[in-house]
1. Select from segment 8-18 the residues that are exposed (fewer than 10 other Cβ atoms within 10 Å of the Cβ) and among the hydrophobic types (A, V, I, L, M, F, W, C) and list them in ascending order.
2. Considering segment 19-58 alone, what residues qualify as being among the hydroxyl-bearing types (S, T, Y), outside any helix (DSSP H, G or I) and either out of contact with any Leu (no Cβ under 9 Å at 6 or more places or on another chain) or loosely packed, with under 10 Cβ neighbours inside 10 Å (or both)?
3. Return the pair list, or none, for Cβ contacts closer than 7 Å from residues in segment 12-24 that are in contact (Cβ under 8 Å) with a residue 40 or more places away in the chain to residues that are in a strand (DSSP E or B), at least 6 apart or on different chains.
4. For segment 8-43, give me each residue that is acidic (D, E) and within 14 Å of the chain's Cα centre (by Cα).
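Just so you know, all these numbers are worked out from the coordinates, no wet-lab data involved. Treat the numbers as computed from the prediction; the structure is a model and nothing was measured. Counting neighbours? That spans all protein chains shown, and the Cβs are built from the backbone with ideal geometry, glycine included.
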Amino acid sequence: MLHGPYLTWTRTAGGKTVTRKISEDQQARYQAWFDNARKLHQLVTDLETLSLRAFEQSEGTSQR
């Protein structure tokens, strides 16, 4: 049996974490997709933070 490290693609599907081993060729082919997914997740996180801050300011509450 070969020892890693192995390239993997991990995502959430149907509320469960799914991990798949990928080849170096697949990693190179789809790297732009992976980068875009990472950027999208960061933008969503930023939007949620800003929305919560705006709500707290509007309602005069704070959960910090």
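1. Of everything in segment 8-18, just one residue is exposed (fewer than 10 other Cβ atoms within 10 Å of the Cβ) and among the hydrophobic types (A, V, I, L, M, F, W, C), namely A13.
2. Result: T19, single match.
3. Between residues of segment 12-24 that are in contact (Cβ under 8 Å) with a residue 40 or more places away in the chain and residues that are in a strand (DSSP E or B), there is no close pair.
4. Scanning segment 8-43 gives a single hit, D35.
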